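Here is the structure we will look at, set down as structure tokens.
The values are calculated or read from the model by the stated rules, or taken from the named source; none is laboratory data. Note that this is a predicted model, so its numbers are computed, not measured. Here Cβ is always computed from backbone atoms with ideal geometry, including for glycine, and neighbour counts include all displayed protein chains.
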Amino acid sequence: MTTKNASPDAKTVMAHKPGPEVDAFMAALARPDQAAIAELRRLILEADPRVHEGIKWNAPSFHYRDWFATVHLRAKDGLQLIFHLGAKPKQQDARAAALPAAAGLNIQWLAKDRCLLKFANLDELRRHQETLQEFVRQWLGLL
């Protein structure tokens, strides 16, 4: 697990692809939506070979140069993923909100630099897997 005070180089070294620490973390949770979360993790990791995963904010999170997405484990409905522009607050960056619309994705903008993607279930995630992966690649361009 990474620490809050780790340098960017240490974070990169400590992040794993795929993340054995994330596998262990998820196994300990024993959630009914394990298959959907596993598929979400796979799709994000396969979107770009530079993406790694680890546990950040007590949830599976994804890293490239900085942390950029976190599975929202407290969500009460469906599968949710929060996209952001790093672990530390930065001056709001409006470039994220200017990304091209991702057809078919249920996106809720929480701020100019963060959004929430929602999938009702595993079937919906699979239907939109290519659009999700393209969105991940566009988001990486902001980091």
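The table below lists the values:
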| item | result |
| --- | --- |
| Residue that is nearest to the chain's Cα centre (by Cα) [pool: residues in the stretch 39-48 that are of a type outside the set (Lys, Arg) and surrounded by 16 or more Cβ atoms within 10 Å (Cβ to Cβ)] | Ile44 |
| Test: residue in the stretch 56-77 that is polar (S, T, N, Q), without any contact (Cβ under 8 Å) to a residue 24 or more places away in the chain and in a helix (DSSP H, G or I) | no |
| Selection count, the stretch 16-41, where residues are under 15 Å from Gln80 (Cα atoms) and either out of contact with any helix residue (DSSP H, G or I) (no Cβ under 9 Å at 6 or more places or on another chain) or in a loop (DSSP other than H, G, I, E, B) (or both) | 3 |
| Scan of the stretch 76-92 for residues that are more than 14 Å from Ile37 (Cβ to Cβ), at pLDDT 85 or above and surrounded by 15 or more Cβ atoms within 10 Å (Cβ to Cβ), ordered by number | Phe83, His84, Leu85 |
| Filter result (out of contact with any Gly (no Cβ under 9 Å at 6 or more places or on another chain), farther than 15 Å from Leu85 by Cβ and surrounded by 20 or more Cβ atoms within 10 Å (Cβ to Cβ)) within the stretch 52-74 | Val71 |
| Count of the stretch 103-143 residues which are of a type outside the set (S, T, N, Q), part of a helix (DSSP H, G or I) and closer than 18 Å to Ile37 by Cβ | 9 |
